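Worksheet: one structure, shown below.
The values are calculated or read from the model by the stated rules, or taken from the named source; none is laboratory data. A quick note: this is a predicted structure, and the numbers were derived from the prediction, not measured. Neighbour counts are summed over all protein chains in view; Cβ atoms, including those assigned to glycine, are modelled from backbone coordinates with ideal geometry.
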Amino acid sequence: MCGGGIADDPPGRYVEPDRVSIPDRLPPEGGTMKHAGLVLFALLIAGCNEIPPSGPMHESTLIIVNVHWQSQGVADIPVVIVQTGDSVRTDTNGLAVFSVVPGHYVVRAYGINRGGPVVRSIDFDVDATRGEAAVVDIIDCLPCV
């Protein structure tokens, strides 16, 4: 045996240099490890340079509905954006906020007093433009029942 092995050792425990071929260098193309490295590098770069999506979600604007009597907000008024079907009730400050893409919308408020009997619903036309909040000011005459 070569390489300082002991004659009594079982075969396969030591590597005999004359039976193993070790290449001096990699092939010119770099072998499969180079390809695997390039693929991993490309995936890493693709993940790091992700461009945020641009679309309706990122071009949204706000429609703010303010229901009040004098300077007091009116809570619990149902408000709907007709085109989207989104519906909320005004909070304790009389506010309802919607996030929509720019465009023309109809805001419908229910149970608003306008002097005389309560009207079932009132519609308000709103143009929502990018970068600006559209405010709908609704006066709910509480003593007008």
Search region 106-123 for residues being part of a strand (DSSP E or B) and in contact with an Asp or Glu (Cβ under 9 Å, 6 or more places away or on another chain), and hand back the single one that is nearest to LEU142 (Cα to Cα). ILE112
Taking ARG130 as meeting all but one of (1) under 23 Å from GLU59 (Cα atoms); (2) at pLDDT 95 or above, write down the number of the exception. (2)
Within the set of pairs 6 or more residues apart or between chains, which connect a residue that is more than 14 Å from VAL79 (Cα to Cα) inside region 93-107 to a residue that is surrounded by 19 or more Cβ atoms within 10 Å (Cβ to Cβ) and acidic (Asp, Glu) with Cβ atoms less than 8 Å apart? none
Collect the residues in region 86-105 that are over 13 Å from VAL65 (Cβ atoms) and part of a loop (DSSP other than H, G, I, E, B), keeping them in residue-number order. THR92, VAL101, PRO102
Taking interchain pairs and intrachain pairs at least six residues apart, which have beta carbon atoms under 6 angstrom, with the first residue in region 116-145 and more than 12 Å from VAL74 (Cβ to Cβ) and the second at pLDDT below 90? ALA128/THR61; ARG130/GLU59; ARG130/THR61; CYS144/ASN113; CYS144/GLY115
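Conditions (1) of a type in the set (A, V, I, L, M); (2) over 25 Å from the mean Cα position of the chain (by Cα); (3) surrounded by 15 or more Cβ atoms within 10 Å (Cβ to Cβ), marked per residue:
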| residue | (1), (2), (3) |
| --- | --- |
| VAL74 | yes, yes, yes |
| VAL80 | yes, no, yes |
| VAL106 | yes, yes, no |
| ALA109 | yes, yes, yes |
| VAL119 | yes, yes, no |
| GLY131 | no, no, no |
Say we look at region 63-72 and pick out the residues that are under 13 Å from ASP140 (Cα atoms) and part of a strand (DSSP E or B); which of these is nearest to the chain's Cα centre (by Cα)? VAL65
